1. Could you give the angle, 0 to 90 degrees to the nearest 10, between helix A:239-251's Cα long axis and the longest principal axis of the Cα atoms of chain A?
2. Could you work out the mean count of beta carbons from other protein chains within 10 Å of each residue's beta carbon in A:289-299?
3. Which whole number gives the average, over all residues in B:422-430, of C-beta atoms from other chains lying within 10 Å of the residue C-beta?
4. Can you give me the long-range amide H partners of B:Thr99? Hydrogens built in the peptide plane at 1.01 Å from N, cutoff under 5 Å, separation of 5 or more residues or another chain.
5. For the pairs B:Lys409/B:Lys462; B:Lys68/B:Lys198; B:Lys305/B:Lys343; B:Lys83/B:Lys367; B:Lys252/B:Lys288, flag any whose C-alpha to C-alpha distance is greater than 22 Å.
6. Counting pairs of alpha carbon atoms under 8 Å apart in space and at least six apart in sequence, what relative contact order in percent does chain B give?
7. Taking other Cβ within 10 Å of each residue's Cβ, how do B:Ile171, B:Ile398, B:Ile388 sort, fewest first?
8. Assuming 0.890 mPa s and 25 °C, estimate D for the protein assembly as shown with Stokes-Einstein, Rh taken as the Kirkwood radius over Cα pairs, in µm²/s.
Amino acid sequence: MMKRTLLAASAALAFASSAAAQDMAVTNATVATGDGSAPIENATVVVRGGQVVAAGSGVTVPAGMQTIDGSGRWVTPGIFMPLTDLGLWDVGAVSNSNDSRAGDARFNAALDASTAVNYASQHIAVSRGGGVTRATIALSPSDSIFAGQGAAIDLGADANAVVAPKVFQMVVLGEAGARIAGGTRVAAFAEFANALREAREVQSGRRVAEDSMLGRTDAEALGAVIDGQQKLYVHVERASDILSVLDLKKTYPRLDLVLVSVSEGWMVARQIAASGVPVIADAIDNLPSSFEQLGATQSNVGRMVDAGVKVAIGGLSGGITGPRTAPQFAGNLVSLSKLPRASGLTWGEALATITSIPAEISGFGGKYGVLKPGAAGDVVIWDGDPLEVSSAPVRVFIDGVEQPLDNHQTRLRERYRDLDESQLPKAYDW
Amino acid sequence: MRYRALTVLGGAVALAACSTGSSGQSVQSASSAAATASKSESAPFPSTYRRYPGAPTALVGATVYDGKGGMIEGGTVLFADGKVVGIGGSDLGIPAGYTRIDGTGKFVTPGIIDIHSHLGNYPSPSVQAHSDGNEATSPMTPQVWAEHSVWPQDPGFSRAMANGGITSLQILPGSANLMGGRSATLKNVPSRTVQGMKFPDAPYGFKMACGENPKRVYGGRGRMPSTRMGNFAVNRQMWLDAKVYADGDRKKRDLAKETLAGVLDGDILVHNHCYRADEMALVMDMAKEAGYRVSTFHHAVEAYKIGDLLKENEVCSAIWADWYGFKMESYDGIPENAALLQKEGACVVIHSDDDMGIQRLNQEAAKAQAAGKRMGIDISDATVISWITLNAAKAMGIDDQTGSLEDGKMADVVLWNGDPLSVYSRPEKVWVDGALLFDANDPKRRPVSDFELGQPGEGDVK
């Protein structure tokens, strides 16, 4: 019985890699568009030419179009996970297989994460099976306060993973930045100011090599940051650090800032909202894991949203709380709305934190993470409420192309469905 | 943010925080060990835990999971003087003087138990000064006791109660060492001292670790073990030496050998961090050679490959729902692990090894259940609840006292505001020995550790 299942699995894997975008409609489904609105029952999603052409109730399916009955199913845009490490590692603790840290590199701001993306990574496959269709990836800062430039990728089972390279630069201030810069936040800010100064000098042809601490390549890379052409993601946690970062706009008015993590964001939510700077946050970290996170609470995201801050859930990476757990975290934000004195999100808001909002913050608003005309045909059909821990995708489309959902894990599952070795060893079950 | 968590993976989780293993489902009573020596000698640092006052309480109208696989719709749970005194349907009489709590639309479970935690020995804030989980100066440290590292003021304890409904937990030494030391089994109650948290009459656990961590930590220093075969050689020699000690008069105090003798006597339960199936099989044979039993393999991501062996040897698997890939020996982790084990008839425990994961063991169990269902293995909700209650209690040797809602057991009870296997549910009230120690509706029934006083967010909903 095992053989039959396995054959079916490999067949699916084989044909999917050569599949093309298909026009299709999902009907009678509960559709959540990802824009923050509540899910719509008995709704339809139409995808043509790799793009969404309609989503909602009262949508007519064009004659002759292939139709998937979505009865009992939920349909959402694919999950968009910002600031992860998909495609950059195979085994976290096996350093040869892990490209997510550049501790001994001679470069920093110039590092371009798009150059190392392995589209065939198991973790891309596992995340795809979890309904994740897009992500931005970046290195972890290790030997410089600048982690380098992040890329946008799709999780399709094809060789074209990189959607856009160099979509942001990341800098780490706060405790992590302080450690890297020489032991104090003061040094991290000095390092930052010097880097931008050198970037400006390179831009204007005034670089004095012997007076430069930054390599030319790194300084060149930061040019786009000071011009505001490339977003600058700033990782900080503490309320006072958040305010210091917002103050950077006074010195560098063109910086296009995104705040990252901000465990104590709720304490200065009003100021963040007033600045218009969006946030990529941890969903529910609530421990004083460091002295810059003393105020951490699961209500952080809800309170920031209430104050008018645009907040995405991000940073889910690795094999523990990887991108595929994003719906669980979003669901937890919904659960908070039932708790006295806690601040949670509505269901629609919660879904938006892992779909449309991260796409918007990443520069792909209206294109990814949302089901509306003109958006990419990134469509996930779920066997139940997608934010519920018991639910899972049953079909995943990226740019209208149906994706295989198999991976190393599903193959192991089928091999060990039973432990029978009476005829042959397990090695022949494939 | 998470890139920091990744670092932790390479470092702390892979080494420091990481798990241990314990064995044993059917556990011998701890009392036999105590009989061999005077109380203060055999059981120093005794528990000073006393239950807090509680009112006789009747929970009525809720869906009740009893922790041992049973479910009652519209059930009634009675507790008084710290003990469960009745569980049944709506027809169960409520004695006079009981506070009646309407649980209509809500759910009741036994207090949740985490068999694998480092709260207290890797507390928050996770600064080096607090890094007390691994005595990583020798691969063999059976003489150390986790209770001497536990900081009762770790704010993580309160989060585990408020969000996870945790009422009992085992604090294990880390996994840097082959033999990491004794565990501490605690009631999740705020206390000035660790003795005030120690679970009364709980047997000690003993942490061992297979695989990558010990060989990396010590091999990296140019000393044994640097290989898996080295791991076994060092372990086996230690057991042989321990047997000599155990078979002797035991008069000369030797803290390391006393612990090992306690394991050989069956009084101390082995919790063995072990990821790979082939290694678990070797450990079970090593245990037979040495004359002890493994209670539980912790982090057993490949347990599904040897469910038959684990069942035959009556060894529990304490596992995550879906962690994988963070280190080589975790590469074959699959979300169906728990379900495949359950199908094989082996003992399943869902554990956290994580100060965040301990706040949602219920959700993790639900994910593992759902993964099984998708491959055609249907496991009842009530059985899934036993993965985080009675099964954990059995593996820790405290199932005669807690882990299920049965007459005479400790009134460790959680009232959930919805189905505990749903992401949308949270504990509404948590009782430990019948004392209401968390109430989502009452800000004063929320513990605030010394560390949090006067800090941002003191007393905040967390």
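What follows is calculated from the coordinates using simple rules that are stated; it is not laboratory data. If you're wondering where the values come from, they're calculated on a predicted model, not measured in any experiment. Note: ideal-geometry Cβ built from the backbone for every residue, glycine included; neighbour counts use all protein chains shown.
1. Roughly 70 degrees, rounded to the nearest 10.
2. 6
3. Mean number of neighbouring Cβ atoms from other chains: 5.
4. Amide H neighbours of B:Thr99, under 5 Å, 5+ apart: B:Thr57, B:Ala58.
5. Too far apart for the 22 Å limit: B:Lys409/B:Lys462; B:Lys68/B:Lys198; B:Lys83/B:Lys367; B:Lys252/B:Lys288.
6. Here the relative contact order equals 23 percent.
7. Fewest-to-most Cβ neighbours within 10 Å comes out as B:Ile398, B:Ile171, B:Ile388.
8. Translational diffusion coefficient: 87 µm²/s.
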